[in-house]
Amino acid sequence: MKQTILYLPVVHAGYEEFLTRHADSDEILLLGRGFAEVFPKLGKDIRALDPERAARHARVIVPGTEVRVLEPAGLAAGAVRADLVVLPDEEIMHLLAAREDFPDGAELRFESTFLRWDREWSRAGKPAGFDERISRSALDRRFMAGALREAGRSSDWWRQVGAVAARDGEVLRVAHNHHHPTEYAPYIDGDPRNEFSRGVRTDLSTAIHAEASLVAGAAGQGMSLAGADLYVSTFPCPACARLVVEAGFRACYFAGPYAMLDGEEILRAGGVELVWVDMARDPSGPPTSGAASS
(Lines give C-alpha, C1' and ligand atoms only; values in the text may rest on other atoms or scores of the structure.)
Protein backbone atom coordinates (compact mmCIF):
# COMPACT_ATOMS: atom_id res chain seq x y z
CA MET A 1 0.00 0.00 0.00
CA LYS A 2 1.21 3.51 -0.85
CA GLN A 3 0.17 6.73 0.85
CA THR A 4 1.27 10.26 -0.02
CA ILE A 5 1.19 12.97 2.66
CA LEU A 6 1.70 16.67 2.04
CA TYR A 7 0.94 20.18 3.17
CA LEU A 8 -1.00 21.76 0.28
CA PRO A 9 -1.43 25.50 1.02
CA VAL A 10 -1.94 26.54 -2.61
CA VAL A 11 -2.34 24.84 -5.97
CA HIS A 12 0.39 25.63 -8.46
CA ALA A 13 2.19 23.73 -11.20
CA GLY A 14 4.74 22.24 -8.81
CA TYR A 15 2.12 20.70 -6.54
CA GLU A 16 0.04 19.65 -9.53
CA GLU A 17 3.01 17.76 -10.95
CA PHE A 18 3.74 16.19 -7.56
CA LEU A 19 0.15 15.01 -7.12
CA THR A 20 -0.02 13.69 -10.68
CA ARG A 21 3.24 11.81 -10.21
CA HIS A 22 1.73 10.06 -7.21
CA ALA A 23 -1.77 9.50 -8.55
CA ASP A 24 -1.06 5.78 -8.13
CA SER A 25 -1.24 6.23 -4.33
CA ASP A 26 -3.91 4.27 -2.53
CA GLU A 27 -4.54 7.43 -0.57
CA ILE A 28 -3.35 11.04 -0.53
CA LEU A 29 -3.47 12.78 2.85
CA LEU A 30 -3.40 16.57 3.20
CA LEU A 31 -2.42 18.17 6.50
CA GLY A 32 -5.47 19.64 8.23
CA ARG A 33 -5.86 22.83 10.24
CA GLY A 34 -5.08 21.04 13.49
CA PHE A 35 -1.44 20.83 12.46
CA ALA A 36 -1.17 24.63 12.78
CA GLU A 37 -1.13 24.02 16.53
CA VAL A 38 1.51 21.33 16.14
CA PHE A 39 3.60 23.42 13.73
CA PRO A 40 2.82 27.10 14.56
CA LYS A 41 4.51 28.42 11.41
CA LEU A 42 1.66 26.94 9.37
CA GLY A 43 -0.70 29.35 11.11
CA LYS A 44 1.24 32.25 9.56
CA ASP A 45 0.57 31.05 6.04
CA ILE A 46 -2.05 33.67 5.20
CA ARG A 47 -2.48 32.54 1.61
CA ALA A 48 -3.23 28.92 2.56
CA LEU A 49 -6.43 27.33 1.31
CA ASP A 50 -8.79 25.65 3.73
CA PRO A 51 -7.60 22.02 3.76
CA GLU A 52 -11.01 20.70 2.67
CA ARG A 53 -11.02 23.09 -0.25
CA ALA A 54 -7.45 22.11 -1.10
CA ALA A 55 -8.60 18.48 -1.04
CA ARG A 56 -11.35 19.26 -3.56
CA HIS A 57 -8.77 20.81 -5.88
CA ALA A 58 -6.53 17.78 -5.44
CA ARG A 59 -9.39 15.43 -6.39
CA VAL A 60 -9.76 17.32 -9.66
CA ILE A 61 -6.05 16.91 -10.38
CA VAL A 62 -6.01 13.18 -9.55
CA PRO A 63 -9.53 11.89 -10.22
CA GLY A 64 -10.01 8.36 -9.00
CA THR A 65 -7.43 8.70 -6.23
CA GLU A 66 -8.67 8.85 -2.63
CA VAL A 67 -7.85 12.27 -1.15
CA ARG A 68 -8.70 13.23 2.41
CA VAL A 69 -7.61 15.62 5.15
CA LEU A 70 -5.40 14.29 7.94
CA GLU A 71 -5.65 15.81 11.41
CA PRO A 72 -3.30 15.12 14.35
CA ALA A 73 -5.89 12.87 16.00
CA GLY A 74 -6.07 10.80 12.83
CA LEU A 75 -2.31 10.41 12.81
CA ALA A 76 -2.41 9.09 16.36
CA ALA A 77 -5.30 6.79 15.44
CA GLY A 78 -3.31 5.03 12.74
CA ALA A 79 -4.41 6.85 9.58
CA VAL A 80 -0.90 6.36 8.21
CA ARG A 81 -0.63 2.64 7.60
CA ALA A 82 1.03 2.13 4.22
CA ASP A 83 4.15 0.15 3.41
CA LEU A 84 5.42 3.14 1.39
CA VAL A 85 4.81 6.75 2.47
CA VAL A 86 5.80 9.56 0.09
CA LEU A 87 6.30 13.07 1.47
CA PRO A 88 7.63 16.34 0.05
CA ASP A 89 11.22 16.95 1.07
CA GLU A 90 10.58 19.98 3.26
CA GLU A 91 11.00 20.91 6.90
CA ILE A 92 7.39 20.31 8.00
CA MET A 93 7.29 16.83 6.51
CA HIS A 94 10.54 15.84 8.20
CA LEU A 95 9.19 17.09 11.52
CA LEU A 96 5.96 15.17 10.92
CA ALA A 97 7.81 11.94 10.22
CA ALA A 98 9.91 12.44 13.38
CA ARG A 99 6.85 12.64 15.66
CA GLU A 100 6.35 9.87 18.20
CA ASP A 101 2.86 9.15 16.89
CA PHE A 102 4.10 8.71 13.32
CA PRO A 103 4.09 4.96 12.65
CA ASP A 104 7.31 3.00 12.44
CA GLY A 105 8.04 0.41 9.82
CA ALA A 106 6.92 2.19 6.67
CA GLU A 107 9.41 3.06 3.95
CA LEU A 108 9.64 6.87 3.77
CA ARG A 109 10.42 8.57 0.48
CA PHE A 110 11.01 12.35 0.52
CA GLU A 111 10.62 14.13 -2.82
CA SER A 112 10.75 17.76 -3.93
CA THR A 113 7.45 19.59 -4.36
CA PHE A 114 8.58 22.69 -6.18
CA LEU A 115 9.16 23.60 -9.83
CA ARG A 116 12.56 22.69 -11.28
CA TRP A 117 13.25 25.59 -13.63
CA ASP A 118 14.64 29.10 -13.33
CA ARG A 119 13.14 32.20 -14.90
CA GLU A 120 14.32 32.75 -18.45
CA TRP A 121 16.37 35.77 -17.42
CA SER A 122 18.23 33.71 -14.84
CA ARG A 123 19.18 31.17 -17.51
CA ALA A 124 20.60 33.82 -19.77
CA GLY A 125 23.96 34.09 -18.02
CA LYS A 126 27.14 33.66 -19.99
CA PRO A 127 29.23 30.61 -19.07
CA ALA A 128 31.70 31.52 -16.34
CA GLY A 129 35.34 31.25 -17.26
CA PHE A 130 37.61 28.59 -15.84
CA ASP A 131 41.35 28.40 -15.41
CA GLU A 132 42.06 26.07 -18.35
CA ARG A 133 40.81 23.17 -16.24
CA ILE A 134 37.89 20.91 -17.03
CA SER A 135 37.55 18.11 -14.54
CA ARG A 136 36.09 14.74 -15.42
CA SER A 137 37.51 12.89 -12.44
CA ALA A 138 35.20 10.48 -10.65
CA LEU A 139 35.85 12.21 -7.32
CA ASP A 140 34.98 15.69 -8.58
CA ARG A 141 31.88 14.43 -10.36
CA ARG A 142 30.81 12.61 -7.20
CA PHE A 143 31.16 15.76 -5.11
CA MET A 144 29.34 17.77 -7.77
CA ALA A 145 26.58 15.17 -7.88
CA GLY A 146 26.28 15.70 -4.13
CA ALA A 147 25.91 19.45 -4.68
CA LEU A 148 23.20 18.83 -7.27
CA ARG A 149 21.34 16.49 -4.93
CA GLU A 150 21.58 19.06 -2.15
CA ALA A 151 20.16 21.69 -4.52
CA GLY A 152 17.08 19.50 -4.87
CA ARG A 153 16.32 20.06 -1.18
CA SER A 154 15.82 23.79 -1.69
CA SER A 155 12.25 25.10 -1.55
CA ASP A 156 13.18 28.16 -3.60
CA TRP A 157 10.80 28.57 -6.52
CA TRP A 158 13.16 30.11 -9.07
CA ARG A 159 16.62 28.87 -8.28
CA GLN A 160 17.87 25.82 -6.39
CA VAL A 161 21.55 25.72 -5.51
CA GLY A 162 23.60 23.18 -3.59
CA ALA A 163 27.12 23.50 -2.19
CA VAL A 164 29.64 20.99 -0.85
CA ALA A 165 32.88 21.77 1.01
CA ALA A 166 35.50 19.04 0.76
CA ARG A 167 39.10 18.48 1.74
CA ASP A 168 41.41 15.54 0.99
CA GLY A 169 38.57 13.55 -0.55
CA GLU A 170 36.24 13.97 2.44
CA VAL A 171 33.03 16.00 2.62
CA LEU A 172 33.22 18.65 5.34
CA ARG A 173 29.79 20.21 5.03
CA VAL A 174 26.85 20.58 2.63
CA ALA A 175 24.21 23.31 2.28
CA HIS A 176 21.45 24.57 -0.01
CA ASN A 177 19.78 27.93 -0.47
CA HIS A 178 16.78 28.47 1.76
CA HIS A 179 14.66 31.20 3.33
CA HIS A 180 14.28 32.83 6.73
CA PRO A 181 12.42 32.99 9.06
CA THR A 182 10.94 29.87 7.41
CA GLU A 183 11.32 28.17 4.06
CA TYR A 184 7.80 29.37 3.23
CA ALA A 185 8.64 33.06 3.76
CA PRO A 186 8.45 34.25 0.13
CA TYR A 187 5.25 32.29 -0.45
CA ILE A 188 3.44 33.69 2.60
CA ASP A 189 3.75 37.46 2.07
CA GLY A 190 5.30 37.40 -1.41
CA ASP A 191 8.93 37.57 -2.47
CA PRO A 192 10.40 41.07 -2.00
CA ARG A 193 12.74 40.34 -4.92
CA ASN A 194 9.86 40.17 -7.41
CA GLU A 195 9.81 43.95 -7.89
CA PHE A 196 13.53 44.30 -8.62
CA SER A 197 15.77 43.35 -11.52
CA ARG A 198 18.87 41.22 -11.26
CA GLY A 199 21.62 42.83 -9.22
CA VAL A 200 19.39 45.63 -7.89
CA ARG A 201 18.87 45.77 -4.08
CA THR A 202 19.98 42.18 -3.57
CA ASP A 203 19.79 42.85 0.17
CA LEU A 204 15.99 42.82 -0.03
CA SER A 205 15.62 39.08 0.17
CA THR A 206 14.43 36.42 2.58
CA ALA A 207 16.97 33.96 1.17
CA ILE A 208 20.40 32.83 2.28
CA HIS A 209 22.47 31.41 -0.53
CA ALA A 210 23.96 27.94 -0.39
CA GLU A 211 27.55 29.18 -0.15
CA ALA A 212 26.69 31.67 2.59
CA SER A 213 24.80 29.00 4.54
CA LEU A 214 27.75 26.63 4.21
CA VAL A 215 30.31 29.22 5.39
CA ALA A 216 28.11 30.41 8.26
CA GLY A 217 27.36 26.87 9.39
CA ALA A 218 31.04 25.99 9.40
CA ALA A 219 31.85 29.13 11.40
CA GLY A 220 29.19 28.22 13.93
CA GLN A 221 30.88 24.87 14.47
CA GLY A 222 34.38 26.34 14.60
CA MET A 223 35.30 24.55 11.38
CA SER A 224 38.02 26.07 9.22
CA LEU A 225 37.42 25.98 5.47
CA ALA A 226 40.87 27.33 4.61
CA GLY A 227 42.40 25.27 1.83
CA ALA A 228 39.19 23.34 1.20
CA ASP A 229 37.50 22.92 -2.17
CA LEU A 230 34.02 24.26 -2.90
CA TYR A 231 31.63 22.44 -5.23
CA VAL A 232 28.59 24.46 -6.32
CA SER A 233 25.79 23.54 -8.69
CA THR A 234 25.63 27.16 -9.89
CA PHE A 235 28.46 29.68 -10.16
CA PRO A 236 28.62 31.96 -7.08
CA CYS A 237 27.05 35.41 -7.09
CA PRO A 238 29.29 38.38 -6.13
CA ALA A 239 28.23 38.38 -2.46
CA CYS A 240 28.95 34.67 -2.11
CA ALA A 241 32.18 35.03 -4.09
CA ARG A 242 33.41 37.44 -1.43
CA LEU A 243 32.58 34.92 1.29
CA VAL A 244 34.35 32.15 -0.63
CA VAL A 245 37.49 34.29 -0.81
CA GLU A 246 37.34 35.34 2.84
CA ALA A 247 36.78 31.75 3.99
CA GLY A 248 40.02 30.75 2.25
CA PHE A 249 38.71 28.16 -0.22
CA ARG A 250 41.43 26.83 -2.49
CA ALA A 251 39.28 26.16 -5.54
CA CYS A 252 35.72 26.58 -6.75
CA TYR A 253 34.32 23.72 -8.84
CA PHE A 254 31.11 24.58 -10.68
CA ALA A 255 28.70 22.98 -13.13
CA GLY A 256 26.38 25.84 -14.01
CA PRO A 257 26.94 29.37 -15.41
CA TYR A 258 25.81 32.48 -13.56
CA ALA A 259 26.90 35.77 -15.08
CA MET A 260 26.11 38.57 -12.66
CA LEU A 261 28.28 41.59 -12.01
CA ASP A 262 31.80 40.71 -10.88
CA GLY A 263 31.55 37.33 -9.12
CA GLU A 264 34.14 35.72 -11.38
CA GLU A 265 36.58 38.63 -11.02
CA ILE A 266 36.25 38.52 -7.22
CA LEU A 267 37.20 34.85 -7.11
CA ARG A 268 40.12 35.30 -9.49
CA ALA A 269 41.45 38.29 -7.53
CA GLY A 270 41.17 36.23 -4.35
CA GLY A 271 43.34 33.47 -5.79
CA VAL A 272 40.55 30.89 -5.99
CA GLU A 273 41.10 28.42 -8.80
CA LEU A 274 38.06 27.99 -11.05
CA VAL A 275 37.33 24.51 -12.38
CA TRP A 276 34.41 23.46 -14.52
CA VAL A 277 33.20 19.93 -13.75
CA ASP A 278 31.94 18.10 -16.82
CA MET A 279 28.78 16.37 -15.61
CA ALA A 280 27.94 15.07 -19.08
CA ARG A 281 29.81 11.91 -18.17
CA ASP A 282 28.55 9.41 -15.63
CA PRO A 283 31.15 9.08 -12.81
CA SER A 284 30.16 5.48 -12.21
CA GLY A 285 29.95 4.30 -15.79
CA PRO A 286 30.68 5.06 -19.44
CA PRO A 287 30.31 8.55 -20.89
CA THR A 288 26.74 9.76 -21.40
CA SER A 289 25.33 12.28 -23.83
CA GLY A 290 24.01 15.70 -22.87
CA ALA A 291 25.22 19.11 -21.77
CA ALA A 292 26.83 19.94 -18.46
CA SER A 293 24.30 20.20 -15.67
CA SER A 294 23.32 23.69 -14.64
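When Rg is the radius of gyration of the Cα atoms in segment 208-282 and Rh is its Kirkwood radius, what does Rg/Rh come to?
0.96
I'd like the per residue volume of the convex hull spanned by the Cα atoms of segment 1-117, given in cubic angstrom.
Each residue corresponds to 97 Å³ of Cα convex hull volume.
Starting with the highest mean, order 29-37, 15-23 by the number of other Cβ atoms within 10 Å, averaged over the residues of each peptide.
29-37, 15-23
Could you compute how fast segment 132-172 diffuses translationally, taking Rh as the Kirkwood radius over C-alpha pairs and applying Stokes-Einstein at 10 °C with viscosity 1.306 mPa s? Give it in µm² per second.
Rounded, D is 141 µm²/s.
Counting only Cα atoms, I'd like the Rg/Rh figure for segment 3-44, Kirkwood definition for Rh.
My calculation puts Rg/Rh at 1.02.
What accessible area, in Å² to the nearest ten, does a 1.4 Å probe give for GLU111?
Taking all protein chains as shown, GLU111 has close to 40 Å².
Taking one equal scatterer on every alpha-carbon of segment 13-70, how large is log10 of I(q)/I(0) by Debye at q = 0.20, 0.23 1/Å?
-0.76, -0.93
Roll a 1.4 Å probe over the protein chains and send me the accessible area per residue for segment 200-247 in Å².
Roughly 40 Å² per residue, with all protein chains present.
Give me the orientation-averaged projected area of the Cα convex hull of segment 37-77, in nm², one decimal.
Here the figure is 3.6 nm², rounded to one decimal.
The values are calculated or read from the model by the stated rules, or taken from the named source; none is laboratory data. All of these numbers come straight from a predicted model, not from anything done at the bench. Methodologically, a virtual Cβ is constructed for each residue, glycine included, from the backbone with ideal geometry; neighbour enumeration extends over all protein chains shown. These accessible areas exclude ligands, DNA and RNA; they are computed on the full protein's heavy atoms, side chains included. Shrake-Rupley method; radii C 1.70, N 1.55, O 1.52, S 1.80 Å.
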